[in-house]
Amino acid sequence: MRKLDEERMVVQCLQRDQQVVTAAASAAKKRFEAERAGKSVTLALDHDFLPVDEELDVPCLGGIALWSEDRHICCRNTLNVRLKFAAECKMPELKVLLFGREGAAPAADHNVMDLLH
């Protein structure tokens, strides 16, 4: 909600997640309004739900898309988007781990568990 900074926003989620998202949106609205005293926000749940498949043969794992009321601005915060971002950020480390610094064999002092910390 901070990124959009709009007075009216639309929350889109998977149909199966609508109860959880409704409760979370209500709590987020209260927190947002408390942080920005005097500024109210209206959140509406979109009944045009997120598609079950994010891409062809790739299921949407959950999360939300937050839209401006006019649908010109969207902040996608699905688990798929977050996983893709994490993979892109960790890719240089993965390459070094798997192929070494110059494409040689990986150093013996690295292991996959180092990436998880």
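The values are calculated or read from the model by the stated rules, or taken from the named source; none is laboratory data. Since the model is a prediction, treat every value here as computed from it, not as a measurement. FYI the Cβ positions are ideal-geometry reconstructions off the backbone, even for glycines, and counts take in every protein chain you see. Side chains included, ligands, DNA and RNA excluded: accessible areas come from the protein's heavy atoms. Shrake-Rupley method; radii C 1.70, N 1.55, O 1.52, S 1.80 Å.
Quick notes on this one:
- Options Ser40, Ala24, Leu56, ranked by Cα towards positive dipole end of the range 1-89, top entry (Cβ charges): Ser40
- Lysines whose Cα lies under 28 Å from that of Lys84, excluding same-chain neighbours fewer than 8 positions away: Lys3, Lys29, Lys95
- Values [x] 49, 23, 10; [y] 32, 20, 11; [z] 38, 18, 12 are given for comparison; semi-axes √(5λ) of the Cα gyration tensor in Å, derived from the coordinates here, is the one labelled [z].
- Rounded to 10°, Cα long-axis angle of helix 18-35 versus longest principal axis of the chain: 80 degrees
- Accessible area per residue for the chain, computed on protein heavy atoms with a 1.4 Å probe, is 73 Å².
- Surface share of carbon and sulfur [accessible, 1.4 angstrom probe, percent] for the chain: 57 percent
- Counting only residues at least eight positions apart within a chain, or on another chain, the aspartates and glutamates with an alpha carbon under 18 Å from that of Lys39 are Asp5, Glu6, Glu7, Glu69.
- Cα centre as origin, Lys/Arg/Asp/Glu Cβ charges: the range 44-94 dipole, Debye: 240 debye
- Inter-label distance, nm, simple model (7 Å from Cα along the C-beta direction), Asn80/Val52: 1.3 nm
- At most 13 other Cβ within 10 Å, DSSP loop - trypsin sites (Lys or Arg not before Pro), the range 32-93: Arg36, Lys39, Arg71
- Computed from point charges on the beta carbon alone (+1 for Lys and Arg, -1 for Asp and Glu), the dipole magnitude for the chain about its Cα centre is near 440 Debye.
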